1. Return the residues of segment 16-33 that are over 18 Å from GLY81 (Cβ atoms) and either in contact with a helix residue (DSSP H, G or I) (Cβ under 9 Å, 6 or more places away or on another chain) or free of Cβ contacts under 8 Å to residues at least 40 places away in the same chain (or both); say none if nothing qualifies.
2. Go through segment 241-262 and count every residue that is without any contact (Cβ under 8 Å) to a residue 40 or more places away in the chain and either in a helix (DSSP H, G or I) or among the β-branched types (Val, Ile, Thr) (or both).
3. Which ones in segment 1-27 are assigned to a loop (DSSP other than H, G, I, E, B) and within 29 Å of the chain's Cα centre (by Cα)?
4. Restricting to segment 111-124, give me the number of residues that are surrounded by fewer than 18 Cβ atoms within 10 Å (Cβ to Cβ) and in contact (Cβ under 8 Å) with a residue 12 or more places away in the chain.
5. Do you know which of the residues in segment 137-155 that are surrounded by fewer than 23 Cβ atoms within 10 Å (Cβ to Cβ) and either without any contact (Cβ under 8 Å) to a residue 40 or more places away in the chain or among the hydrophobic types (A, V, I, L, M, F, W, C) (or both) is nearest to LYS43 (Cα to Cα)?
6. Restricting to strands (runs of 3 or more DSSP E) lying wholly in segment 28-147: which have 3 or more residues that are over 26 Å from LYS205 (Cα atoms)?
7. Just for segment 34-70: of the residues that are surrounded by fewer than 19 Cβ atoms within 10 Å (Cβ to Cβ) and modelled with pLDDT of 90 or more, which one is farthest from SER86 (Cα to Cα)?
Amino acid sequence: MSGDLIGKELLGQFRITERIGRGGMGEVYKAEQPAMDRMVAIKILHARLASRPDLVSRFRREARAMSRLSHPNTARVFLYGHIEASEQLYIVMEYLKGVDLARWVRREGPMPMERALKVMIQVLGALEEAHSVGVIHRDLKPENILLTTQGGIADFPKVLDFGLAKVRETRLRPGSVALTREGMVFGTPEFMSPEQARGETLDAKSDIYSAGLILYELLTGRLPYPKCKPMEYISHQIYTQPMPVTERVPELNLPVILDPIIAKALEKEPEKRFASALAFGEALRDALPRSDPTDPIQIHSGDATGAIGMTHSRAGQLDEKSRVGGRGFVIGLLAVIVVLLGLVIWLFATRK
């Protein structure tokens, strides 16, 4: 698709203003939607790929996967279908301004620990929702997480690009084309799980591993393994144990509490990792210093993940209530003992 769409109207409601991205599957345009008074992003599949059933199915899979997700940290899909004149597929998504985590790290270096943990708690909240409806991302990497500002809240990550997303077979629509099969490898070598590198069937634990690698890079500014060729990365993912973050960047004085958390996310055997994205997020939340209850991360990260959004302040309130209740119980018990003692003394005196 060339840039000849600029200035044209699409689907009778979108006016294309500029091209903002291009990839192997298609192009992404920024467009105005006057009726809704908003800007949107429209991803359009390349015309030459319309005859490829596997790629068409992958494109549709992305649209369906994203359209069923409503977590605030997942990029929203408004509409998808095909353009009648050209038979090209499109996805209309929310337009986001910001910088992806890969570019952020290249530009700024390691992200401060508290900031990095808060960003990843939100990402894990988005993954928890996706996993709960049977959607596995399978290509989670820093490039697919956009750091933006939403509703005045800074450091608001958005999980993008479910182009390699896998929907559990029980959730596939009749006639869907299976995009991958055992023995085939898709994804980004630097951030793929060992089982993905081996071409095995994937579940939510694969995304947890990738999220662990992203957090590792955010905290250290580096990948756990030296720069190498894609096949060497794949070998490292399968066989090489990553160096703990505190040893990778000792000059940053990261707390040792992070080492077992990241190590658990990066276990080579899926069953040894966190049971869910929610559990991973809770571990990161517990590693955070006690914070202000009005901290935005403690509010919006809980929209789809429940316990992740529980603040330390709230937990403190619960502890205080427990202590108050405990003191009341002791006082009541002492009162009962005093009454019983008085009764015993009275009985003893009356017998005399």
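1. Across segment 16-33, the qualifying residues are THR17, GLU18, ARG19, ILE20, GLY21, ARG22, GLY23, GLY24, GLU32.
2. 11
3. If the condition is that a residue be assigned to a loop (DSSP other than H, G, I, E, B) and within 29 Å of the chain's Cα centre (by Cα), then GLY23, GLY24, MET25 are the ones that fit.
4. 2
5. If we take residues in segment 137-155 being surrounded by fewer than 23 Cβ atoms within 10 Å (Cβ to Cβ) and either without any contact (Cβ under 8 Å) to a residue 40 or more places away in the chain or among the hydrophobic types (A, V, I, L, M, F, W, C) (or both), then LEU146 is nearest to LYS43 (Cα to Cα).
6. Because the criterion is at least 3 residues that are over 26 Å from LYS205 (Cα atoms), the strands (runs of 3 or more DSSP E) in segment 28-147 that meet it are 38-45, 77-83, 88-94.
7. Step by step, filter segment 34-70, then rank; the result is SER70.
The values are calculated or read from the model by the stated rules, or taken from the named source; none is laboratory data. Model, not experiment: these values are computed from the prediction. All Cβ positions, glycine included, derive from the backbone under ideal geometry; neighbour counts span all protein chains shown.
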